[in-house]
Ligand SMILES: Nc1ncnc2c1ncn2[C@@H]1O[C@H](COP(=O)(O)OP(=O)(O)OP(=O)(O)O)[C@@H](O)[C@H]1O
Ligand SMILES: [Mg+2]
C-alpha cells in the first residue's frame, strides 16, 4: 500500500490525509481522529460524507464510551457494535446515532496512547481482523508522519526565534559601533586637535577593529534576514553578465590584494555568460570567495576567477593556490560559525561567509560547492547559477 501521509509537514494536513486513507482502506462511512487530553478526547478531524461531521475542537470524557475507554487503556484496537445512543446528544447524536459498527485504533507515541482513530459503518457489515491489520498499518505510518510534522513545526518556530534574536543583537550592536567609529575617524582626521604621534597606531588599530566588528554585525544581520526570507519568500532575479560581475569583484578586492602583494587573474572569455540572478547577492558571494582565497594563503596569494556556461547553467570558478581545506572539513566550512584550522590561524572572520554565500546561491536557484581542495595546494569553489541562455 502506498502512503502519501509522510509527504506533508503540516500536522493538520497529515491528520486529514490519515483519516481519508483510513476511511477508504477499511470501507467506512465516517471517521474521526481525537487527541487524548487527560480524561477527555478532543476531535482534531472528522470526515463524514453522508452526515454532518463531528465538530472539530469538541470534547467529551473518554469514559463516556466503553470501547474508547478500552482502546485507550489497553493500547489495542477494539471492534465494537452500535454506539450507545443514550450517551449521545446534539451533533454527536446526529453523527453517531445511526452507526452500527465501529473500529477504534489507539495511536501510540513513545509507548503512550496519544490519539484515537475511529472509523464506523452505518451498514450492517462488521469489521474483521483484516480491517484491524489494515488500520494498524496506516496508524503506524501516521504516528511517524505526525511526529515528524510536529518536530518540523517546532524547528521552524526555533529558527524564527533565533533569527529574531540575531536581528535584535545585531541592531543593538550597530548603534554604539557607529558612535565609536565616528569618534575614531574624527580623532584620526584631527578634527578634535591633531593627535599625538604615539596615538596614530592605536587609533589605526581601533579603526581596523571597528571595521571588522561592523562587517561581523552586517553578516549577523544578513544571516537573520536570510533565515527569515528562507521561510517567507524568494529574492528578485535579473539578467546578469557574470563576466562583468567578476571584473567588478576583482576591482573591489584590488586594494586588499595590493596590500598582500597577491595576484588575481581572470578568465571571462569573449562571449558574455548571462545568468538570471540577484546582482547584490552575486557580488556578496564573489567578495566572500575572493576574500577567503586572499586570506587563507600562506605566502603570496594567487587567485584565479573564471566564468563559463555549462549544461544550461552559468558558472563562476574561484581557485586559489593557498592553504587548502582538509577533506573532513570540506562540507563543514559551509556551516555557520564553523572555521577551519586555516581560519583560526587568522584572527578575523566569524565563519559566516560561506554559509551566507551558499544560502544566497540556493535562494536564487543555484548552488555553491567546494569542487576541489587539498591541504597545501589550494582550493576551487564553484558558483552555479541558472543560465539566461537555456533552450
Ligand atoms: N579558499 C580557502 N582556502 C582555505 N580555507 C578556506 C578557504 N575558504 C574558506 N576556508 C576555510 O573555511 C572556513 C569558513 O570560511 P567562511 O568564509 O565561511 O568564514 P571565515 O572566512 O572564517 O569568516 P567570515 O565570516 O568573515 O567569512 C574558514 O575559516 C577557513 O578555515
Ligand atoms: Mg570568509
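Taken together, the values in this text are just the output of simple stated rules run on the coordinates, not laboratory data. Just so we're clear, the structure is a prediction, and the values are computed from it rather than from any experiment. Don't worry about glycine lacking a Cβ; one is built from the backbone with ideal geometry, like all the others, and counts go over all protein chains shown.
If you count, for each residue, the other Cβ atoms within 10 Å and average over each peptide, how do 275-285, 70-80, 239-249 line up from highest to lowest?
275-285, 239-249, 70-80
Could you rank the peptides 173-183, 313-323, 138-148 by their average count of other C-beta atoms within 10 Å per residue, with the highest value first?
Answer by packing, highest mean first, reads 313-323, 138-148, 173-183.
Measure nothing but the geometry: give the 0 to 90° angle between the long axis through the Cα atoms of 242-259 and the longest principal axis through the Cα atoms of the chain, rounded to 10°.
The angle comes out near 50 degrees.
Which order do peptides 199-205, 299-305 fall in by mean Cβ count within 10 Å, highest first?
With the highest mean Cβ count within 10 Å placed first, the list reads 299-305, 199-205.
When a footprinting reagent is the concern and you count Cβ atoms within 10 Å, what order do 334, 165, 381 take, fewest first?
Ranking 334, 165, 381 by Cβ neighbours within 10 Å, fewest first, gives 165, 334, 381.
How far is helix 129-189 tilted, in degrees, relative to the longest principal axis of the Cα atoms in the chain, given as a value from 0 to 90 rounded to the nearest 10?
Between the helix axis and the principal axis of the chain, the angle is about 30 degrees.
Arranged by the count of other C-beta atoms within 10 angstrom, fewest first, what order do 101, 238 take?
Lowest count first: 238, 101.
If I stretch the segment between residue 265 and residue 377 completely, what's the gain in nm (0.36 nm per residue apart, minus their alpha carbon distance), one decimal?
My answer for the length gained is 38.6 nm.
Would you calculate, for the chain, the mean residue ellipticity at 222 nm contributed by helices, counting each DSSP H stretch of 4 or more residues as -39,500 (n - 2.57) and dividing by all residues, to the nearest 500?
Taking each H run of at least 4 residues, the total per residue is -15500 deg cm²/dmol.
Relative contact order for the chain using alpha-carbon pairs under 8 Å, separation at least 6, rounded to a whole percent?
11
What is the distance in Å between the Cα centres of segment 68-122 and segment 15-62?
9
If you take the square roots of the eigenvalues of the alpha-carbon gyration tensor of segment 285-371 and sort them as a ≥ b ≥ c, do you get rounded (a/c under 1.5), prolate (a/b over b/c) or oblate?
Taking the square roots of the gyration eigenvalues as a ≥ b ≥ c, segment 285-371 is oblate.
Using alpha carbons only, how many degrees (0 to 90, rounded to 10) separate the axis of helix 11-25 from the longest principal axis of the chain?
Its long axis makes an angle of about 40 degrees.
Against the globular-protein guess of 2.2 N^0.38 Å, express the Cα radius of gyration of segment 157-273 as a ratio, rounded to two decimals.
1.49
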